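Written below as structure tokens is the structure these notes are about.
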Amino acid sequence: MNKLVKNILNDINLLKKYDQHAFDYIEYPHKSFWNNDINQDDIIKHFEKACFEETPIMLYVHIPFCEQLCTFCICNRQITSDYKVAEDYLYNSLFTEIDLMTKITNKFKKQFNIREIYFGGGSPTFLRENEFKKLKDKLKLLVDFKKIKQFSVEIDPRRVDEHRLLFYAEEGVNKISFGIQDFDIKVQEKINRLQPSSIIHKLLTNKVRKRFKSINFDLLIGLPAQTTETIRSTVNEVIKLRPDRIALAYLAYNPEHHPHQRHMMIGELLPDFFRRKEIFVEALECLENSPYVRTGFEHFAVPEDDVTKSLKKKRAYYNSFGATTGDCTSILALGRSSYSTIGENIYYQNFYEQKKYQNSLKAGLIPLHRGWILSKDDKLRRKIIKELRTYFNLDIKNLNKEYKIIFEDYFKKEIKILNEFANDKLLTLGKNNIALSEAGKHFSNLVGSIFDGYIKI
């Protein structure tokens, strides 16, 4: 590993100075700024412009059920052991939303150009095989499965066996994503998610590995009882298991909106800002000394993975699914609380509450909770933030040409702040380029936030 990466730990004052909150910028503007100004007609109009063209889109389907609450979780989920609740959601809500989208496509006499599918949660493995099949059959109203390049399902490894994984493969799933978080038993006890690495070894048999194009592991940094030693052990075990992709994300701790997270603190403090950085650097060192390639701030992939290839071609894209190939930047999302990205211009999110979600669908309406129509300035700033987040670099010359601006005039206020980052050797700021240093990569979200037009600076 480059020594500069570990040198970040030697300057405690620098870490304190830049230990500031910054959005993850999965989308821009952040969802907290979205509003109710958007309406049904806006969405349908943008469907016509963006979803029926040659540009491919992803279909996301939200299954919000889990049998057990993980105390770190910030997903929109419902904890239940009553399978009838899931059946009711599927047959009386989600299927109705699929019918509604079908009516829209019939109106335009065109199909959505869906090339990728992603089942997320909650935990999609909550669905039994019968309901999984019925959901897939229902989606045939919207999807030509012969054209699907990638079909992904999030996996709770505690709830499946080899047979279930092979079942998914038979149904056309070719990518699976495991929630690992940490293999240390003490850490797992604190987050209420006991799953020793032996479970993963038993699941990833030769039969299973041969059937899936890509396998992803999610890890979390900053969990209770987590140390540099535990994360080194976990990451080394992950490297032995050799998934195709690894996501190494910081824990998002927000007990105001997710009060159950406070249970992680019982008898054990969360690592402070310095320890979190120490743990992240330890994991980063293990991965950078392995065959994995860094594909963004917190993402890694094997050299032959499609994301790695896209990164080399400058086509990789960061969204709610992590580092992706960039083939599908538009997302049509179905299900309670899910949110869509339609073309270059619009975001919208479904209702969180089941009753509001269901009542809207019964009325024949898109279950619209909030959204945003992007301005030209929004798209410019989003471009900058995504580039810095994924590539740690911004080509100002190309940006000026693409958006017909003069960067130094357009961003005078932002450049003044960037100069302070440059003085602290977190980046270099030239006339034609911004490049984050090895130390600066740790603050890529914060650098990106300088260009957030909705935050007062």
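The values are calculated or read from the model by the stated rules, or taken from the named source; none is laboratory data. Just so it is clear, the model here is predicted, and its values are computed rather than measured. Note that each Cβ is placed from the backbone with ideal geometry, even for glycine, and that neighbours are counted across all protein chains shown. Side chains included, ligands, DNA and RNA excluded: accessible areas come from the protein's heavy atoms. Shrake-Rupley method; radii C 1.70, N 1.55, O 1.52, S 1.80 Å.
Starting from the Cα gyration tensor of the stretch 1-89, take the square roots of the eigenvalues, sort them a ≥ b ≥ c, and report rounded, prolate or oblate (rounded when a/c is under 1.5, otherwise prolate if a/b is larger than b/c, else oblate). Each step should come with its number before you reach the end.
Details: a/c = 2.41, a/b = 1.42, b/c = 1.70.
Cα axes put the stretch 1-89 in the oblate bin.
Remark on Ser437: its backbone amide H falls under 5 Å from those of Leu427, Thr428, a criterion applied only to residues 5 or more positions apart or on other chains, H modelled at 1.01 Å from N.
Remark: relative contact order (the chain) = 20 percent; criterion is Cα-Cα distance under 8 angstrom and separation of 6 or more residues. Taking amide hydrogens as placed 1.01 Å from N in the peptide plane, the amide H of Gly326 sits under 5 Å from those of Tyr317, each at least 5 positions away in sequence or on another chain. Multiplying the residue separation of Glu162 and Arg232 by 0.36 nm and removing their Cα-Cα distance gives an extension gain of 22.4 nm.
Counting heavy atoms of the protein chains alone, Asp424 has an accessible area of about 50 Å² for a 1.4 Å probe. Each 5 Å bin, from zero up to the one with the longest distance, holds this percent of the alpha carbon pairs of the stretch 283-373: 3, 13, 17, 15, 13, 11, 10, 9, 6, 3, 1, 0.
May I ask which of Lys103/Lys138; Lys84/Lys149; Lys107/Lys383; Lys31/Lys190; Lys383/Lys412 have a Cα-Cα span longer than 25 Å here? The partial results should precede the final answer.
Numbers: Lys103/Lys138 14 Å; Lys84/Lys149 32 Å; Lys107/Lys383 33 Å; Lys31/Lys190 30 Å; Lys383/Lys412 18 Å.
Flagged as over cut-off: Lys84/Lys149; Lys107/Lys383; Lys31/Lys190.
Per residue, the stretch 279-409 exposes an accessible area of 39 Å² to a 1.4 Å probe, with every protein chain left in place. What a 1.4 Å probe finds exposed on the chain is 49% carbon and sulfur by accessible area, rounded to a whole percent.
List, in the order given, every pair from Lys109/Lys401; Lys313/Lys379; Lys313/Lys404 whose Cα-Cα distance in the structure shown is over 28 Å. With Cα atoms farther than 28 Å apart: Lys109/Lys401. In terms of accessible area, using a 1.4 Å probe and ignoring ligands and nucleic acids, Ile98, Ile406 rank largest first as Ile406, Ile98.
The mean accessible area for residues of the stretch 203-256, using a 1.4 Å probe and ignoring ligands and nucleic acids, is 41 Å² per residue.
Need one number: % antiparallel among DSSP beta bridges in the chain, to the nearest 5.
On the way: 25 of 59 bridges.
Antiparallel: roughly 40 percent of the beta bridges in the chain.
Alpha carbon centre of the stretch 156-201 versus the stretch 383-417: separation in Å? Distance between centres, Cα-based: 41 Å.
Where does the Debye-calculated log10 I(q)/I(0) of the chain sit at q = 0.10, 0.14 Å⁻¹, using only Cα point scatterers of equal weight, no solvent? Computed log10 I(q)/I(0) values: -0.76, -1.56.
Helices in the chain, meaning DSSP H runs of at least 4 residues, each add -39500 (n - 2.57). Divided by all residues, the mean residue ellipticity at 222 nm is -11000 deg cm²/dmol. For Asn192, the residues whose amide H sits under 5 Å from its own are Thr71, ignoring neighbours fewer than 5 places away on the same chain, with H placed 1.01 Å from N.
Computed with every protein chain present, the accessible area of His258 is close to 40 Å² [probe 1.4 Å].
Give me the accessible area per residue for the stretch 153-202, probe 1.4 Å, as a whole number in Å².
38 Å²
Remark: the stretch 378-392, residue by residue, has Karplus-estimated 3J(HN,Hα) of 4, 5, 5, 5, 4, 4, 4, 5, 5, 5, 5, 5, 9, 10, 6 Hz, where x stands for each Gly or Pro and the curve is 6.51 cos²θ - 1.76 cosθ + 1.60 at θ = phi - 60°.
With a 1.4 Å probe and all protein chains kept in place, how do Trp372, Trp34 rank by accessible area, largest first?
On the way: Trp372 35, Trp34 15 Å².
From most exposed to least exposed: Trp372, Trp34.
Work out the FRET efficiency for Lys355 and Asp24 from their Cβ-Cβ distance, taking R0 = 30 Å, and round it to the nearest 0.05. Provide the component values of the computation, followed by the final result.
On the way: r = 29 Å, r/R0 = 0.98.
Working from the Cβ atoms, E equals 0.55.
Work out how much length Lys49 to Asn393 would gain on full extension: take 0.36 nm times their residue separation and subtract the Cα-Cα distance, in nm to one decimal.
Numbers: separation 344, 0.36 × 344 = 123.84 nm, distance 3.11 nm.
Result: 120.7 nm gained on full extension.
For the set Leu194, Leu311, solvent exposure ranked by accessible area (probe 1.4 Å, protein chains only) runs largest to smallest as Leu194, Leu311. Simple point charges give the picture: +1 on the Cβ of Lys and Arg, -1 on the Cβ of Asp and Glu, and for the chain a dipole about the Cα centre of about 960 debye.
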